[in-house]
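Following: one structure in structure tokens, then a few remarks.
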């Protein structure tokens with residue numbers, strides 16, 4: 001039962017599994033589902049496993065069980081229908097005229113505007129239901145807009161269904177807010193970054209080391225000696241280097257700022273540096289990149305276990321990356337191309353990645369992005385990208 | 001397929017207001033004997049639901065509060081080595097030191113399995129633990145059995161518990177996990193639902209106060225840029241505070257006076273933001 005519905009859900013992009021479909025059959029067979037309402041709820045709770053797909057589910061449900069009335073026609077729908085009628089009229093005036101039961105020549109004399117008006121008036125007259133016959137809005141009519149009409153757009157009027165309420169629920173699209181698109185918020189970032197942690201023994205010795213205690217006790221010939229250990233705490237070090245210069249980063253300021261504030265609040269040991277386009281001899285500790293330089297060479301003094309995260313669009317003129325004096329700032333001329341500097345950072349910190357706010361689909365159009373990807377693994381600054389980045393950084397342990 | 005249908009259907013409890021949809025989901029879940037995964041904003045009553053089920057069906061509730069450092073075995077059983085070590089040294093207890101089984105204590109899941117009657121098992125905030133924990137645990141819940149390695153014994157559930165799992169996470173749990181449970185997302189209640197919820201907690205509440213407070217509450221929730229939006233819990237505490245203040249009149253809320261903001265907004269930037277918005281409206 002409902003196999004088509006299952007495949008419609010699948011085709012719409014909701015990850016539904018055959019097992020859960022069988023489970024739904026079981027629920028149906030034990031007599032728990034007695035109405036379309038029940039079916040709506042049961043199928044959703046069993047088949048759909050994330051609120052992100054609830055909206056899509058509602059749409060598919062409304063579409064699939066469309067034997068029911070979708071919505072009461074309002075002014076805009078009527079005007080849409082009138083327009084559709086006009087299109088039909090232009091294609092095949094005779095048929096429409098016949099369907100409407102009026103003389104073709106009468107309509108021929110009208111301008112398109114007049115036609116629209118005429119159609120709309122006729123549509124508004126149709127508040128009552130009309131079945132069969134040559135009435136042009138009715139369930140059995142030959143009209144292009146009726147229930148069983150042959151208009152490809154498939155607009156429909158009338159037709160009361162006993163299934164109304166479940167569909168009305170589905171039509172409401174209550175779960176639109178939870179759909180997958182939408183900007184990355186701080187809370188979502190938190191979810192993605194939550195697993196980024198590094199457990200090390202820290203603090204007071206308050207955990208019993210059982211193996212060691214037994215061993216010592218044996219050595220003491222049965223005199224109990226209990227050994228305590230430090231418990232594991234998260235002591236992850238993070239360096240966040242942010243490209244905050246230039247117009248090319250302008251569109252991403254909001255999202256980078258969210259990342260910045262979130263990570264400042266979340267991670268206890270975090271250093272933030274700033275740079276423009278790419279890294280040369282110096283990083284900057286102040287966002288204005290003026291007062292507090294930090295020599296890149298000094299990075300070796302830091303813990304190599306630090307996760308080094310670079311955030312930038314990696315888009316620049318190729319010479320800025322490759323040329324010996326590539327910087328657009330004169331005082332940063334150093335004799336070593338930025339490319340080498342980046343390699344140096346990647347060597348110093350084995351857990352380093354590059355987060356790019358540009359969408360991955362666009363990466364191949366920028367040459368410097370491909371070059372930098374040879375040095376750092378690059379991830380999109382999106383929910384999915386962050387998750388991938390986190391699992392990458394945790395796996396290389 | 002044999003499937004015992006629970007004679008008592010869940011319809012809501014004394015302190016819990018339930019919408020029809022959720023009631024049905026719970027009944028289906030109980031009939032299919034599957035874990036139910038509940039997601040939703042904090043304060044939508046995910047945890048309360050388990051309490052309500054256990055109360056209305058008269059079943060014992062066992063709560064497993066998941067912690068980030070938790071290992072699966074902690075939730076199943078514990079082998080109390082220290083007591084055994086102590087007993088073997090001093091030998092002044094009635095336990096038999098050579099019998100390891102006497103030093104096995106059941107964890108929360110173990111208790112639910114070994115209970116003599118059907119219980120409700122609430123696994124709270126599963127998202128705190130890492131993915132491996134979640135997947136392993138689901139295996140245990142799926143098979144309804146686990147092994148105690150130390151004494152080579154398999155514990156089988158006497159009665160399948162009703163399992164409710166809650167998660168605050170915005171992101172999805174792993175696929176194998178999701179494949180084994182039913183799912184529901186509790187949306188934040190609409191104002192009229194909220195009025196019913198409040199009335200359950202304060203049966204004698206003045207109608208004017210109720211309406212004004214709920215209205216003000218939803219207005220405050222909508223303020224742009226609030227980081228932690230007040231939830232049901234905050235509203236109920238707030239109303240409790242308003243009611244206990246003899247000088248407070250329900251009309252004040254319409255006039256834009258909003259006392260005890262600190263109950264609703266618990267982060268200082270949120271608090272000052274809300275304060276500013278209210279003052280601007282007051283003028």
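Residues are listed down the side, and each one gets a yes or a no for (1) closer than 16 Å to residue A:296 by Cα; (2) modelled with pLDDT of 85 or more:
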residue: A:333; (1), (2): yes, no
residue: A:345; (1), (2): yes, yes
residue: A:353; (1), (2): no, yes
residue: A:374; (1), (2): no, yes
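Every listed requirement among (1) within 19 Å of residue B:52 (Cβ to Cβ); (2) touching a strand residue (DSSP E or B) at 6+ places or on another chain (Cβ under 8 Å); (3) within 14 Å of chain A (Cβ to nearest Cβ) is met by residue B:162 save one, (3). Scanning segment B:180-197 for residues that are part of a loop (DSSP other than H, G, I, E, B) and in contact (Cβ under 8 Å) with a residue 24 or more places away in the chain returns B:180, B:181, B:187, B:188, B:189.
Residue-wise test of (1) outside the structural domain of residue B:63 (by TED's automatic domain parsing); (2) exposed (fewer than 13 other Cβ atoms within 10 Å of the Cβ).
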site: B:165; (1), (2): no, no
site: B:175; (1), (2): no, yes
site: B:201; (1), (2): yes, no
site: B:210; (1), (2): yes, no
site: B:225; (1), (2): yes, yes
site: B:234; (1), (2): yes, no
site: B:253; (1), (2): yes, no
site: B:259; (1), (2): yes, no
site: B:264; (1), (2): yes, no
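The residue list A:344, A:379, A:308 contains one member that is in the same structural domain as residue A:260 (by TED's automatic domain parsing) and surrounded by fewer than 21 Cβ atoms within 10 Å (Cβ to Cβ), which is A:344. Within segment B:7-38, restricting attention to residues that are more than 10 Å from chain A (Cβ to nearest Cβ) and loosely packed, with under 14 Cβ neighbours inside 10 Å, the residue that is modelled with the lowest pLDDT is B:7. Of the listed requirements (1) part of a helix (DSSP H, G or I); (2) more than 12 Å from chain A (Cβ to nearest Cβ); (3) modelled with pLDDT of 85 or more, residue B:62 misses just one: (1). Of the residues making up segment B:254-274, those that are over 15 Å from residue B:221 (Cα atoms) and assigned to a helix (DSSP H, G or I) are B:254, B:255, B:268. Put simply, of A:215, A:252 the only residue that is assigned to a helix (DSSP H, G or I) and closer than 27 Å to residue A:270 by Cβ is A:252. Within segment A:236-260, the set of residues being closer than 29 Å to residue B:68 by Cα and surrounded by fewer than 16 Cβ atoms within 10 Å (Cβ to Cβ) comprises just one member, A:257. Picking from residues in segment A:48-63 that are more than 14 Å from chain B (Cβ to nearest Cβ) and surrounded by 18 or more Cβ atoms within 10 Å (Cβ to Cβ), the one that is nearest to residue B:39 (Cα to Cα) is A:60.
In segment B:74-86, the qualifying residues are those that are free of Cβ contacts under 8 Å to residues at least 24 places away in the same chain and surrounded by fewer than 16 Cβ atoms within 10 Å (Cβ to Cβ), and the one that is nearest to the other protein chains (Cβ to nearest Cβ) is B:82.
Set side by side, the residues B:190, B:125 differ, and just one is surrounded by 15 or more Cβ atoms within 10 Å (Cβ to Cβ) and either away from chain A (no Cβ under 13 Å) or within 30 Å of residue B:218 (Cα to Cα) (or both), which is B:125. Among the residues of segment A:218-228, the ones that are in a loop (DSSP other than H, G, I, E, B) and either in contact with a strand residue (DSSP E or B) (Cβ under 9 Å, 6 or more places away or on another chain) or without any contact (Cβ under 8 Å) to a residue 12 or more places away in the chain (or both) come to 7 in all. If you filter segment A:17-51 down to residues that are more than 24 Å from the chain's Cα centre (by Cα) and part of a loop (DSSP other than H, G, I, E, B), you find that the one that is farthest from residue A:62 (Cα to Cα) is A:30.
With respect to (1) surrounded by fewer than 18 Cβ atoms within 10 Å (Cβ to Cβ); (2) away from chain B (no Cβ under 14 Å); (3) assigned to a helix (DSSP H, G or I), the lone exception for residue A:263 is condition (1). For segment B:38-59, a residue qualifies if it is in a loop (DSSP other than H, G, I, E, B) and in contact with a strand residue (DSSP E or B) (Cβ under 6 Å, 6 or more places away or on another chain), and the qualifying residues are B:44, B:59. In the set A:224, A:208, A:214, only one residue is modelled with pLDDT of 75 or more, loosely packed, with under 15 Cβ neighbours inside 10 Å, within 14 Å of chain B (Cβ to nearest Cβ) and in contact with a helix residue (DSSP H, G or I) (Cβ under 7 Å, 6 or more places away or on another chain); that residue is A:208.
Do the conditions hold for residue B:93, that is, is it assigned to a loop (DSSP other than H, G, I, E, B), facing chain A (nearest Cβ under 10 Å) and surrounded by fewer than 18 Cβ atoms within 10 Å (Cβ to Cβ)? No: the conditions fail for residue B:93.
The single condition among (1) away from chain A (no Cβ under 13 Å); (2) over 24 Å from residue B:58 (Cα atoms); (3) surrounded by fewer than 18 Cβ atoms within 10 Å (Cβ to Cβ) that residue B:148 does not satisfy is (3). For the criterion of being out of contact with any helix residue (DSSP H, G or I) (no Cβ under 6 Å at 6 or more places or on another chain), crowded, with 16+ Cβ neighbours inside 10 Å, away from chain A (no Cβ under 13 Å) and farther than 25 Å from residue B:135 by Cα, residue B:56 passes.
Taken as a whole, the condition of being out of contact with any strand residue (DSSP E or B) (no Cβ under 9 Å at 6 or more places or on another chain), in the same structural domain as residue A:282 (by TED's automatic domain parsing) and under 22 Å from residue A:256 (Cα atoms) applies to residue A:370. Only one of the listed residues (B:201, B:184) is under 30 Å from residue B:216 (Cβ atoms), touching a strand residue (DSSP E or B) at 6+ places or on another chain (Cβ under 6 Å) and either away from every other protein chain (no Cβ under 14 Å) or modelled with pLDDT of 85 or more (or both). That residue is B:184.
Close Cβ contacts (under 6 Å, 6 or more residues apart or on different chains) running from residues in segment A:248-274 that are under 20 Å from residue A:285 (Cβ atoms) to residues that are at pLDDT 75 or above and part of a loop (DSSP other than H, G, I, E, B) comprise A:249/A:313; A:274/A:244; A:274/A:287; A:274/A:289.
The values are calculated or read from the model by the stated rules, or taken from the named source; none is laboratory data. Keep in mind it's a predicted model, so treat the numbers as computed, not measured. In this analysis, Cβ positions are derived from the backbone assuming ideal geometry, glycine residues included, and neighbour counts consider all displayed protein chains.
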